[in-house]
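Written below as structure tokens is the structure these notes are about.
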Amino acid sequence: MSFDARAGTRGRRQPGTGGPIGRWLSRRVINRVRRKGKVPGLGFNTLVLTTIGRKSGIQRQTPVGWFPGQDDSWLIVASAAGAARNPAWYHNLAAHPDQAWIETPGRKVAVTAEQLHGAERDEAWRQITAAAPRFADYQKATDREL
């Protein structure tokens, strides 16, 4: 499977995690996800996604929401809250799809990422938006396909 989601021309401001406060907050969320698997107020499960930086080659960890997929897979959405551009972790996965790991409480699993297309993507999208309607709102905010 290819990774081919293009940046959009409109969208919300991408959530930032830069600066010392953003990095501190991200570490706190990651630690909570590793312990409990949820972040209060999100309404869905969260996992820690570890990718390899496409330019730096450094491991990067990001908390992301996930939904159960077929055959015990994990569905994640590169929504960036409806931003015009894909999140950095999406580009890292595209560059190194076979060098990714997910963590849930008490479990770390090596995974091979793939982007869904066609009917498979449509079915996953229906499942995700039924479980977390905010993702449909994110899609309305941008012209890129989430």
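Going by what's in this entry, would residue 24 be described as open to solvent by 30 Å² or more (accessible area, probe 1.4 Å), part of a strand (DSSP E or B) and either under 19 Å from residue 107 (Cα atoms) or out of contact with any Leu (no Cβ under 6 Å at 6 or more places or on another chain) (or both)? Please lay out each step first, then the result.
Values: open to solvent by 30 Å² or more (accessible area, probe 1.4 Å): yes; part of a strand (DSSP E or B): no; either under 19 Å from residue 107 (Cα atoms) or out of contact with any Leu (no Cβ under 6 Å at 6 or more places or on another chain) (or both): yes.
When the stated conditions are applied, residue 24 does not pass them.
Just one of the numbered conditions (1) in contact with a Lys or Arg (Cβ under 7 Å, 6 or more places away or on another chain); (2) open to solvent by 40 Å² or more (accessible area, probe 1.4 Å) is not true of residue 82: (2).
Which residue out of 86, 92 is in contact (Cβ under 8 Å) with a residue 60 or more places away in the chain and either assigned to a helix (DSSP H, G or I) or not basic (Lys, Arg) (or both)?
Values: 92 fails: in contact (Cβ under 8 Å) with a residue 60 or more places away in the chain.
The unique qualifying residue is 86.
One line per residue, one yes/no per condition, for (1) open to solvent by 50 Å² or more (accessible area, probe 1.4 Å); (2) closer than 20 Å to residue 48 by Cα; (3) modelled with pLDDT of 95 or more:
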residue	(1), (2), (3)
99	yes, yes, yes
104	no, yes, no
112	yes, yes, yes
122	yes, no, yes
129	no, no, yes
132	no, yes, no
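Within region 62-79, the residues that satisfy the criterion of being at pLDDT 90 or above, out of contact with any Phe, Trp or Tyr (no Cβ under 8 Å at 6 or more places or on another chain) and either surrounded by fewer than 17 Cβ atoms within 10 Å (Cβ to Cβ) or assigned to a loop (DSSP other than H, G, I, E, B) (or both) are 69, 73. In this structure, is residue 17 surrounded by fewer than 12 Cβ atoms within 10 Å (Cβ to Cβ) and either out of contact with any strand residue (DSSP E or B) (no Cβ under 9 Å at 6 or more places or on another chain) or modelled with pLDDT under 90 (or both)? Judged against the criteria, residue 17 is not a match.
One residue stands out in region 33-52 among those that are more than 14 Å from the chain's Cα centre (by Cα) and free of Cβ contacts under 8 Å to residues at least 40 places away in the same chain: the one that is surrounded by the fewest Cβ atoms within 10 Å (Cβ to Cβ), namely 41.
List the residue pairs whose Cβ atoms are under 7 Å apart, where the first residue sits in region 115-127 and is assigned to a helix (DSSP H, G or I), the second is not hydroxyl-bearing (Ser, Thr, Tyr), and the two are 6 or more positions apart or on different chains. Once the first residue is assigned to a helix (DSSP H, G or I) and sits in region 115-127, its partners that are not hydroxyl-bearing (Ser, Thr, Tyr) give 124/69; 124/75; 124/116; 127/67. Within the set 12, 23, 6, the sole residue that is modelled with pLDDT under 90 and in contact with a strand residue (DSSP E or B) (Cβ under 6 Å, 6 or more places away or on another chain) turns out to be 12. Which members of region 134-146 meet the condition of being open to solvent by 30 Å² or more (accessible area, probe 1.4 Å) and closer than 17 Å to residue 8 by Cα? Matches in region 134-146: 136, 137, 138, 139, 140, 143, 145. Within region 27-63, the residues that satisfy the criterion of being within 17 Å of residue 110 (Cα to Cα) and polar (S, T, N, Q) are 46, 50, 51, 59, 61, 62.
The values are calculated or read from the model by the stated rules, or taken from the named source; none is laboratory data. Computed from a prediction, not measured in an experiment: that's the story for all the values here. Virtual Cβ from ideal backbone geometry, glycine too; neighbours counted across all protein chains shown. Each accessible area value is taken on the protein alone, full model and side chains, heavy atoms only, with ligands, DNA and RNA left out. Shrake-Rupley method; radii C 1.70, N 1.55, O 1.52, S 1.80 Å.
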